[in-house]
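*Asks:* One structure is given below, represented as structure tokens, and several questions about it will come after.
The values are calculated or read from the model by the stated rules, or taken from the named source; none is laboratory data. The shown structure was predicted, so the numbers you read here are calculated from the model rather than taken from an experiment. Every residue, glycine among them, receives a Cβ derived from its backbone with ideal geometry; neighbour counts consider all protein chains shown. These accessible areas exclude ligands, DNA and RNA; they are computed on the full protein's heavy atoms, side chains included. Shrake-Rupley method; radii C 1.70, N 1.55, O 1.52, S 1.80 Å.
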Amino acid sequence: MRGQSGVSPSTTDEARPRTCPRCGQPAFEGGEVWIHGHGVVQRQQRGPEAPGKVAVKREVACRRYRCKACTAVLTVVPASVLARKHFSGAAMALALALWGLCGWSAAQVRAVVGGQLPAEGKPRGWRTLARWARQVADGKLWASLDSRAKGAPRQVAARAAQALCGRAPPWARAAGLPHQAFAGACHVS
């Protein structure tokens, strides 16, 4: 489930889902609370907080809830968190834009977005970019974009970055394509 963007969690009532996605039980019914707060968990998130910033690794607080009707445990995450990904969606969009649209090498993208250089200090490729591109092509990453492109991973990355640029808010349109993709990813679930 998606919540507000940010590192600190919303209050329990602000983030509480209106209904259970598993059984459809409303959070409040008949004067009773059916979806209870179930604590806060930390998720790791990597990548720059804005284009041009240094890549960081930070902890993001996510609220958990439990449905009394079906006992499902629900996690509400900030909008920047993607399922089973250590990098923020915006950082991934920036990486795909730099690689697919700007023609940067995988090593350059890794150094900027991943913040990682090998121990010997020589840049090397980043297979993660091709994996993300395959996930976009398979509809497993940013499925709402409907940008299933065929072709080489770099071509798929370029198509996904273009689609994310199209989701950028009006204030980001004057910025370069990587900035637009970064901003657009913040508006895609």
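*Asks:* Could you list, in sequence order, the residues of the stretch 127-173 that are within 20 Å of Gly114 (Cβ to Cβ), hydrophobic (A, V, I, L, M, F, W, C) and open to solvent by 20 Å² or more (accessible area, probe 1.4 Å)?
*Replies:* Within the stretch 127-173, just Ala130 meets the criteria.
*Asks:* Okay, next question. In the stretch 174-189, which residues are assigned to a loop (DSSP other than H, G, I, E, B) and open to solvent by less than 60 Å² (accessible area, probe 1.4 Å)?
*Replies:* Ala175, Gly176, Val188 - these are the residues of the stretch 174-189 that are assigned to a loop (DSSP other than H, G, I, E, B) and open to solvent by less than 60 Å² (accessible area, probe 1.4 Å).
*Asks:* A follow-up question, please. Just checking, how many residues over the stretch 28-66 are open to solvent by less than 70 Å² (accessible area, probe 1.4 Å), closer than 25 Å to Ala185 by Cα and not in a strand (DSSP E or B)?
*Replies:* Selection size over the stretch 28-66: 4.
*Asks:* How about the stretch 126-145: which of its residues are of a type in the set (D, E, K, R) and touching a helix residue (DSSP H, G or I) at 6+ places or on another chain (Cβ under 9 Å)?
*Replies:* Selection gives Arg127, Arg131, Arg134, Lys140.
*Asks:* Somewhere in the stretch 115-126, is a residue in contact with a Leu (Cβ under 8 Å, 6 or more places away or on another chain) and buried (at least 18 other Cβ atoms within 10 Å of the Cβ)?
*Replies:* no
*Asks:* Taking only pairs six or more apart or across chains, which ones have beta-carbon atoms under 6 Å, a first residue in the stretch 25-38 that is closer than 14 Å to Ala15 by Cβ, and a second residue that is open to solvent by 90 Å² or more (accessible area, probe 1.4 Å)?
*Replies:* Short answer, once both residue conditions are applied: Ala27/Arg18; His36/Arg66; His38/Arg66.
*Asks:* To continue, here is another question. Could you list, in sequence order, the residues of the stretch 67-97 that are modelled with pLDDT under 90 and either open to solvent by 10 Å² or more (accessible area, probe 1.4 Å) or part of a helix (DSSP H, G or I) (or both)?
*Replies:* Matches in the stretch 67-97: Val77, Ala79, Ser80, Leu82, Ala83, Arg84.
*Asks:* While we're on this one: With respect to Gly100, is the statement that it is in contact with a Pro (Cβ under 9 Å, 6 or more places away or on another chain), among the small types (Gly, Ala, Ser) and buried (at least 18 other Cβ atoms within 10 Å of the Cβ) true?
*Replies:* Criteria met by Gly100.
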